[in-house]
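Data block below; observations after.
The values are calculated or read from the model by the stated rules, or taken from the named source; none is laboratory data. In this text the structure is predicted, and so the values were computed from the model without any measurement. Please note: Cβ atoms are built from the backbone with ideal geometry, for glycine as well, and neighbour counts cover all protein chains shown. The protein model used for the area step is the full one, side chains on, heavy atoms only, and it has no ligands, DNA or RNA in it. Shrake-Rupley method; radii C 1.70, N 1.55, O 1.52, S 1.80 Å.
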Amino acid sequence: MIILDTEHLWPVLSPVKMLSVLVLHLIPRFMRFVFSRMRSLLQVSYTSWFLDAFNYAIATNMDVLNLSIGGPDYLDLPFVEKVWEITANNIIMVSAIGNDGPLYGTLNNPADQSDVIGVGGIDYSDHIASFSSRGMSTWEIPHGYGRVKPDVVAYGREIMGSKISTGCKSLSGTSVASPVVAGVVCLLVSIIPENKRKEILNPASMKQALVEGAAKLTGPNMYEQGAGRVDLLESYEILKSYQPRASIFPSVLDYTDCPYSWPFCLQPLYAGAMPVIFNATVLNGMGVIGYVHSPPIWHPSNEEGNLLSIRFTYSEVIWPWTGYLALHMQIKEEGAHFSGVIEGNVTVRVHSPPAQGERAVRTSTCVLKLKLNVVPTPPRSKRVLWDQFHSIKYPPGYIPRDSLDVRNDILDWHGDHLHTNFHIMFNMLRDAGYYIETLGSPLTCFDASQYGTLLMVDLEDEYFQEEIEKLRDDVINTGLGLAVFAEWYNVDTMVKMRFFDDNTRSWWTPVTGGANIPALNDLLAPFGIAFGDKILNGDFSIDDEQSRYASGTDIVRFPRGGYVHSFPFLDSSESGATQNLLLNSGMNKADSPILGLLEVGEGRIAVYGDSNCLDSSHMVTNCYRLLRKILDFTGSNIKDPVLFSKSVKQDMPLYEDDNHLSSRRTDVNFSVYSAVLGKDLICRTDSRFEVWGTKGYNLHIRGRNRKLPGYHVIGLGRGLNSTIDTSNSRRPKFTEKNKGDYFGNRYLGELDVPELVASQWLVPAVIAITGFVLFFSIWRIRQKRRRRRRSMSGRLANL
């Protein structure tokens, strides 16, 4: 679905008619009819309408096309592929980046495509407009890192333009800034003689002129302003002497240039960390198609540069006009104590077929300059690992919003990344002295001995059985801290949230809740913890900090000896409606457990039922102070006296029967959206280099184990705890007989060694005895048959 904003388009484009390149003249008549229809349909448009308009633009050999439209669905393939076709036909497309700011990760399509010039908005004081959408692009996550967008910014607040009828009016929005840049592009096109335009001008060369000529603003970072404010004269000087070439945008990554290089400048590199990924765009002004001649090369400027190890993923074929170059950077182990700056260049050679009339292949060398801060490896307690792998966003599926109080934004589409809608939390943790790394691969792909806490927030995907087993061992035996922030999950509410989409002509229904509680319950089952299916709302105070619990869930299982905080809330789920009617008639609100803290084995666990207090998207109040206290506990075993008050210690376990736990939807094919179901467990290119392409640490692949020093090998055949049978179900089942043992913590850390030893020889012994009995029975039957045959042969002889 494409959300259209055409209100601002016509008044701003009308002055462009005075330019030597006419824009309105090239817009077909039927587009005006389409626009009028869109207005009558609350500015909601159909993809097919745009496909018709784009075909007309190609047929009429248009030079420049402005789109003051946008939407979050970058997987609307007919639309996206038609945009590629537009630019492949040498039409320069300019598009508004969106008006969903100041939130990050809110880029609109098609402006987020690399072959399109994406435009953000600023005011007359060169400040980024609050409404202007911010990067990064979210196509690449959770398994990579987004590109820098917007490309440039232009004036978009209180811009005077003509009304469609008569007179003038003031307009604001990136829908206004985009036509301003389109006008700049038209002026730049007009300076090139018409017989040479197609030889020199194309979507890549025009973007090169705009980003290289832009004026970088003081204050905003690269994901707010791109290359900076568009500068007509500077871009003119570049085009005046332009020779077809390839280049990289951004051309510099400078850790010392803050805040422009945020978030990279906020956290230095260090040995032992997950690779830091920087995703740049390759612009190929030599031709619509190009090829990377050979793998990129890292050229350090000094001896210290050899401490940096870089691997590259990139577009081997560059089409149309653009590609990507991703740097995966990590410091070698010998640099564990190094502190300083590493400088150097990355070069990559690109070649394109000869242009018409040429014989020689066009070649160009692109250069990306690096200036990186490096510090000694921080202590384990200050290192936090963010789980990005198990996050699912819109598109491709209907992933609902986390706060059900928000009615005007039904989709969870901001990426759920540290540097998108959790960027304020990231800044806060850095200010508090924590180092936060991102894991875009399964939980088997990190070394738990290096981290104080694994932070899992608002996760929607399932878990491999190997992940569940490894995490249990990581917490109990390796001392990893675990902090989980969940979200609502209620099947009845999800069913009620479905709607009919006119564009796809189909019913859309949420594929999961705000978080995937059944999957989280499987992950937490070895620790005796589970969330429920309530949707709780209300205000509360903890440790003198006022907070809002917005569509969170409750804790229904927690072991004895843990600390659980409960507060009175209303349940707004479908199943809680009747209860709320009774409560509103005079009864007091029931206390619901929402925060639990537990020591288990060598590690520590904290669970909380709501993530909206960390998410910048629709936050009412933040819980950053609570998060710091949780990380102090999970990473350093520092116990806040309020959180660990004796009054909240559990003398008896919380326990909810399996039949009352949240269940998965059976009417949704979740494997379509999942990176787990029906997929292979594999460590991707955002994990440590030594486990790329493997299943991770301690897991068999290609006949070998990758074992960490002092890390116990996991017997995947029988699981981490032999007392629990998981052969028939992913969720362990407990009888009334062993329920007390399970929640009495013996299962968690104080395992009875004879029990484990018995479980190792008991199964083989039973199998051996059964085999012996079966063999003996078969032998007895065969002996009886032989005796019968002998007796029969004797009788026949006598006859």
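Odds and ends about this structure:
- Failed item, numbered, when ALA271 is tested on (1) open to solvent by 30 Å² or more (accessible area, probe 1.4 Å); (2) farther than 21 Å from PRO220 by Cβ; (3) not aromatic (Phe, Trp, Tyr): (1)
- Matching residues, the range 653-696, being outside any loop (DSSP other than H, G, I, E, B) and under 22 Å from the mean Cα position of the chain (by Cα): PHE670, SER671, VAL672, PHE689, VAL691
- Exclusive hit being of a type in the set (Phe, Trp, Tyr), under 24 Å from the mean Cα position of the chain (by Cα) and assigned to a loop (DSSP other than H, G, I, E, B), set TYR124, TYR104: TYR104
- In the range 509-529, the residues that are in contact (Cβ under 8 Å) with a residue 60 or more places away in the chain reach residues that are in a loop (DSSP other than H, G, I, E, B) and polar (S, T, N, Q) with C-beta atoms within less than 7 angstrom, at least six apart or across chains, in these pairs: GLY513/ASN490; ILE517/THR553; ILE517/SER662; PRO518/SER662; PRO518/SER663; ASN521/SER662; PRO526/ASN721.
- Set SER541, SER506: member being in the same structural domain as LEU654 (by the TED database) and within 25 Å of HIS414 (Cα to Cα): SER506
- Out of SER162, SER132, one residue alone is open to solvent by less than 10 Å² (accessible area, probe 1.4 Å), of a type in the set (S, T, N, Q) and out of contact with any Phe, Trp or Tyr (no Cβ under 7 Å at 6 or more places or on another chain). It is SER132.
- Checking LEU201, LEU210, LEU217, LEU188 one by one, the residue that is in the same structural domain as GLY105 (by the TED database) and within 18 Å of PRO110 (Cβ to Cβ) is LEU210 and no other.
- Whichever residue in the range 576-635 is among the basic types (Lys, Arg) and modelled with pLDDT of 95 or more and, among such residues, is nearest to LEU536 (Cα to Cα): ARG625
Residue by residue, here is whether (1) out of contact with any Gly (no Cβ under 8 Å at 6 or more places or on another chain); (2) at pLDDT 95 or above holds:
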residue: ASN477; (1), (2): no, yes
residue: VAL484; (1), (2): yes, yes
residue: THR493; (1), (2): no, no
residue: LYS496; (1), (2): yes, no
residue: PHE500; (1), (2): yes, no
residue: THR504; (1), (2): yes, no
residue: TRP507; (1), (2): yes, no
residue: GLY514; (1), (2): yes, yes
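- Cross-chain or 6+ apart pairs with Cβ under 7 Å, the range 401-427 first and touching a residue at least 40 places away in the same chain (Cβ under 8 Å) and more than 16 Å from PRO263 (Cβ to Cβ), then open to solvent by 20 Å² or more (accessible area, probe 1.4 Å) and not in a loop (DSSP other than H, G, I, E, B): ARG401/LEU411
- The residues of the range 61-93 that are in a helix (DSSP H, G or I) and either surrounded by 21 or more Cβ atoms within 10 Å (Cβ to Cβ) or in contact (Cβ under 8 Å) with a residue 12 or more places away in the chain (or both), listed by number, are PRO78, PHE79, VAL80, LYS82, VAL83, TRP84, GLU85, ILE86, THR87, ALA88.
- In the range 237-256, the residues that are open to solvent by 60 Å² or more (accessible area, probe 1.4 Å), outside any loop (DSSP other than H, G, I, E, B) and among the charged types (D, E, K, R): GLU237, LYS240
- Selected residue (only one of TYR451, TYR435 is of a type outside the set (S, T, N, Q) and surrounded by fewer than 22 Cβ atoms within 10 Å (Cβ to Cβ)): TYR435
- Strands (runs of 3 or more DSSP E) contained in the range 335-418 and holding at least 3 residues open to solvent by 40 Å² or more (accessible area, probe 1.4 Å): 340-352, 362-374
- Condition met for GLY118 (small (Gly, Ala, Ser), in contact with a helix residue (DSSP H, G or I) (Cβ under 8 Å, 6 or more places away or on another chain) and open to solvent by less than 30 Å² (accessible area, probe 1.4 Å)): no
- Every listed requirement among (1) polar (S, T, N, Q); (2) surrounded by fewer than 22 Cβ atoms within 10 Å (Cβ to Cβ); (3) part of a strand (DSSP E or B) is met by ASN503 save one, (3).
- Single residue of the range 214-236 satisfying the filter (in a helix (DSSP H, G or I) and surrounded by 22 or more Cβ atoms within 10 Å (Cβ to Cβ)) that is nearest to the chain's Cα centre (by Cα): TYR223
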